[in-house]
Amino acid sequence: MIKKLYYALLTGFLCYLPVSLFAQSDISFNKYHSPPEVQQVLKQLQQGNSAQTEIHTIATSPGGAPVTVLEIGKNLQDVPAVFVGANFEGNIPISTEGALGLAKMLLDSSRYTKNLKWYIMPLPNPDAAKGYFNTLKYNRTVNNFEINNDNDEALNEDGFDDLNGDGLITQMRVKDMQGTHIVLKSEPRIMVRADATKSERGEYKIFNEGIDNDGDGKYNEDGEGGINIGISFPHLFPYNKKEAGQWSGQAPEVYGIMRFIFDHPNIAMVYTLGSSDFCLVPPQGGRKGGANLQNFKIPSRYARMMNADPNKTYPMEEVIEKVKELLPPGTEVTPSMVAGILGLGAAVNPLDEDLKFYTLFSEDYKKYLKAKNFNTERLAPAPAKDGSFELWAYYHLGVPSFSMNLFTIPKVKEEKKKEAGELTMEKAGEMSTEEFVALGETKIDSFLKTNNAPDRFSGQGVIEMMQSGKLTPKQMVEMLSKKDTDDKKDAPDEKNKALLAWSEKEWQGKGFVPWKKIDHPDFEEAEVGGYVPYLENTPKPERIDSLLNIQLPWLLKLTEKMPSVSIASEKITDLGGGVYRLELFVENSGYLPYPIAMGQRNNQPSPVIVLLEGDVKLLEGLKRTPLGNIGGNQVKKLTWLLQSNKKPVISAKIESEVFSPDVKQIKIGG
Amino acid sequence: MKPTIVFILLFASFSTAFSAGNKGKIEVPLRFDRYYNYNEVITALQVLHEAYPDLTKLEVVGKSEENRDIYALTINNQKTGEEQSKPGVYVDGNIHGNEVQAGEVCLYYANMLLTKYGENEKITQVVDNNAHYIIPVVNVDGRYHFFEDAHTPSSSRSIRVPKDDDGDGLFDEDSPDDLDGDGSITQMRIKDPFGNYKVDPEDERILVRTKPHEKGEYTLLGYEGIDNDGDGKLNEDAEGYLDPNRNWGFNWQPPYVQRGAGNFPFSGVGLKAVNEWIGKRPNIIIGFAFHNSGGMWLRVPAEESTSIPQEDVAAYDVIGKNALKITPGYVYMPSYQLYPTYGDFDGQLYFVFGIFAFTGELFQRESETYRENANKPGQQEDRGDNTERNREQLQFNDNVTQGELYKKWEKYNHPVYGEVEIGGWVKMSSRLPHPFMLPELVHRNASVVLLAAANTPEISMEIFDVKEVENNLHQVRVRLKNKNGLPSMSKESVNKNIHRQDILKISGGKVVAGGKINDIRLNKVDYKEKKPEVQFLSVPGYGNVEYQFLIEGKSEITVEYESLKAKNLKTSVKL
């Protein structure tokens, strides 16, 4: 009853929306906070809400900076928790602001902190994050861990050099007979790879801005640092990348984060602010090399034990039956168990069941953004990287993992004026010669112009050719569309178009450093230029507040989808002789299952136990019964056979690291 | 645990038959007809260190989950050079807590090097030429509990990180229980006319499976224990399980892919400390981790999707193929052929630190013989029927070890099953040699480590050709020769840029060109385009590399060879 009242109260709160999300304190989001400032903000948030919050220092970076987690809800016991990590690669400062903004939202309104705990980590990679605030900027992603990237006799001896003295590391193009790149004809700022099949010959070599400091013939191959925290978690750890380190957790930041998360099994959902966006685009599938759980061979060392042929492929159902024979009768055997026992390998693609909610939520999110008049015609967020935190959270923790990219650059809208009744290429192609000629010279002229026909095509000329049978409307349209595609090929791609337009519109052209000749010790003709670092994912500071205010509340709303497990009702049947059947109905009133499919596969989320206590003898069933998996909005029935002549009151209790304990007193025998 | 069992545990004798009695004072030279418990291992290391303070360094590598110290003994002769200037030999044991004789092999290796230094020429050489890093017990908690508590020969293997094996929300709450209080966890059997076992007519201790339609006598109930957590299952959530040989960084896979992996790499704090300790010693080129049992020398890779260069297989073979002869009956193979593993120790050593790592699986139970001609194989065993072999093993127990390895079946009143019988192979059996067999085992296996140490790279450098090719231009040729079987760095390290390559450096003159000589007779040189005065290289086992430099001017030039894993060298010549 108390619980129901509580829910009613909560529902009441749902109607309340804060007028401004940043009402209470004076922390403002009109600038990017440097790593020391981030610690200051956290401290301020903590001190302003000391009953509710605590700062955990979970690691120290090789550069000596703390990695801290702000716990919101330290006063709450036995509630689920959400872990929020931001800016793992260190080069997306707005995601750090997002984490701070989220913390502030949570502290400004109590709506999402009543029965939910939050762990917020704005700066897992402080060494890299300081790169944005340095006078020399180069999109730094690595910490100060000592890595001798080129395995020579010196450490960090060949980093970038600011040759044009603008405080930015951009690119360097060098005239070279063996070059690989040419200037794009239609947009001379853009360099593209020369295509020999189109008789193009490379004229430039492209480098990052710098000199060969150690004289080994390679440029900028061993700069400062380090390990990129954003690619060094254990799911698909990229062993071939020096910046990932040699194993997952070699960087103290990564080790500390993993330790902290496994020390807090109440974490039931994980958010990542960074470059990927699972809110908008569900995690990618289609990777090869994952475990096939439908049909597979039984490894020979188990085949003998199971009376199976190691060379034969078996369907999962058949293997489950074979495994069952080896286990005590009645043991539940799931495909995940079989995969574990037989060592079939890791999952590398999101599971179908999970993709359903990812897809559904992403559709909802698009609607949500539309309702907020947020332009979604933007460059696509990056796919999650191998070794990323968000992939690890999904595959190894088995919890819903949502990432959000707070800013990508708007696409350039295709400007094609379409007047009503205008002749389209498609329509023209379907016309007969007579019909087309009948349009008259003026209309044909304008049609040709609209569709970028070459100058030699005039209305008069086309009419003459058609009348003499040399050209049909269909052939003309084919020629025009081929020309159109060729033109498009010569134009900058969508991303470059968007970046250049954004540089013009938002940064008065300063987002691109114009190519300019510099003196270089090794090259006669070298120019420095290109996009400025951080252009792609870092908007002007004055935009931060609104970007956070529009997008972050979605992450709050998503928590409403979390599973919530409690005892719905019970039924006692008196079988006579002091023997009773107890049926307990346990419900998940949340939308998401517990655990999600990946959690069922990896068996990592902590179990939900139904604990029965009282003066009864159990004829069937256990004192501690694992609930197992429970779907969203599902009710699961558990049954016991009890014996007692005392008509006692017993208690049934939900015991879990994640869900609040729910106790029900049950009178046996009326 | 029920009070009755506590009572039994408190008042019964713990020790197995042969660990009882006076094991003698621990002094140098150490004795190896006995086993050392955790504290005795520390004492043994201390007495070695005290006896040879100039040759040894004893330090604590780190702490375990239960806050025990993990010790390392370093053997190095300071007079012949600093530790890290010499090729390092790493030996550890007992990473699985129950595999205790691995610790004795490590102790024996240390004892042998120290007590025979200056007496035996071969041993004197490896003490002078190498740095030896010895961690006898990696899983200190596991060893401690294996000796102190009741166990099967296979339990106390885990790192002491509790894990909820049975998914009931409780951790490590249902271990086997030493019901008869003899210090061992053995088996339980119950009389059962419908059982699928009957006693062997020749030896009633042996149970044999009944044939179809044959009347049974017994049902086997599994390990000795009660249902501590009342879930209807016995002994299903014992200590851990976190397998310390699945928790290393390289190619680690989560527990749902491989049981016992731990939640993340190096979640075991003791392992993390050992890994960091090894990482700080980049001179280590060969590593051994001793386990039991089966009689195997295992090398990388540990699973089939990874492969290693042929050059490294050849280097491994130098040790592995000789090891087979030193330890007759052992097999030598890549460990994936046994079964695939992820995140194992050998992989970390080889793929992360560039160390040729071996796992030594100590002891073959086949050596427990009771027959006229020990060279002849025993009775052929039918598939699935080991009765003949079991009879011989029991006779070995009865007549060679005076019954110390096997607990006779005895009646016990079990709280759930009623009258049962408890008996079987005791803790210090099966995977462990009886102490009388231990000296040979430790000696043979330590000899393999010694052989490996003697094969660590020993590079010599000579300037073998200097001539003036033009006025003021000299051609200088340098040869680096390795007299031993292991290369100065693994091919994998070269290919994958695992660590800094060896460096050959010319100073004192202007090097106009320099590079590796590919064909000395035809004078074909692969000149390096940039910085010719610094060359990166490695020296193969039993091989050499030659370099040529063209130097302008007439001066004294110095040639230096620097290696992480082999000794640095320096020489000079006047042009």
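Values quoted throughout were computed directly from the atomic coordinates according to the rules given, and no laboratory measurement underlies them. Predicted, not measured: the structure shown is a model, and the values here were computed from it. We place every Cβ from the backbone using ideal geometry, glycine too, and count neighbours over all the protein chains shown.
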Rounded to one decimal in Å, the inverse mean reciprocal Cα-Cα distance for the range A:295-342, i.e. its Kirkwood radius, is 10.7 Å
Which whole-number percent is the relative contact order of the range A:563-667 (Cα, under 8 Å, 6+ apart)? 32 percent
Just to be sure I understand the curve: with the Debye formula and one point per C-alpha of the range B:321-467, what is log10 I(q)/I(0) at q = 0.09, 0.21 Å⁻¹? -0.49, -1.36
Long-range amide H partners of B:Gly88 with built H, under 5 Å: B:Ala131, B:Ile284, B:Ile285, B:Ile286
For the range A:320-381, listing chymotrypsin sites (Phe, Trp or Tyr not before Pro) in a DSSP loop whose Cβ sees at most 14 other Cβ atoms within 10 Å gives A:Phe374
Filtered trypsin sites (Lys or Arg not before Pro), the range A:308-402: DSSP coil and at most 15 other beta carbons within 10 Å: A:Lys312, A:Lys372
Here P(r) for the range B:459-574, Cα-Cα distances in 10 Å bins, as whole percents, is 14, 47, 31, 7, 0
Quick one: grab the alpha carbon gyration tensor of the range A:425-490, order the square roots of its eigenvalues as a ≥ b ≥ c, and give me rounded if a/c is under 1.5, else prolate or oblate depending on whether a/b is larger than b/c. prolate
Could you give the distance between the Cα centres of the range B:238-267 and the range B:425-455, to the whole Å? 27 Å
Scan around A:Ser403 for amide H atoms under 5 Å from its own, H built in the peptide plane at 1.01 Å from N, and keep only partners 5 or more places away or cross-chain. A:Thr272, A:Phe278, A:Cys279
Take every Cα pair under 8 Å in chain B that's 6+ residues apart, average their separations, divide by the length, and report that relative contact order as a whole percent. 14 percent
Just checking the output field for A:149-160: average partner chain Cβ neighbours within 10 Å of each residue's Cβ? 2
What value, in deg cm²/dmol to 500, does the helix sum -39500 (n - 2.57) over DSSP H runs of n ≥ 4 give at 222 nm once divided by the residues of chain B? -6500 deg cm²/dmol
Using a 10 Å Cβ count of at most 10 others and DSSP loop calls, identify the longest part of chain A lacking such GluC sites (Glu not before Pro). A:1-331
Taking a ≥ b ≥ c as the square roots of the eigenvalues of the Cα gyration tensor, with a/c under 1.5 meaning rounded and otherwise prolate when a/b exceeds b/c and oblate if not, the protein assembly as shown is oblate
For chain A, take the longest principal axis of its alpha carbons; what is the angle in degrees between that and the long axis of helix A:252-262, to the nearest 10 within 0 to 90? 40 degrees
Rg/Rg_globular for chain A, with Rg_globular taken as 2.2 N^0.38 Å and Rg from C-alpha atoms: 1.21
Answer check: the range B:84-232, Cα atoms, Kirkwood Rh, Rg/Rh ratio of 1.19
With DSSP loop assignment and no more than 13 other C-beta atoms within 10 Å, the trypsin sites (Lys or Arg not before Pro) in the range B:444-489 are B:Lys483
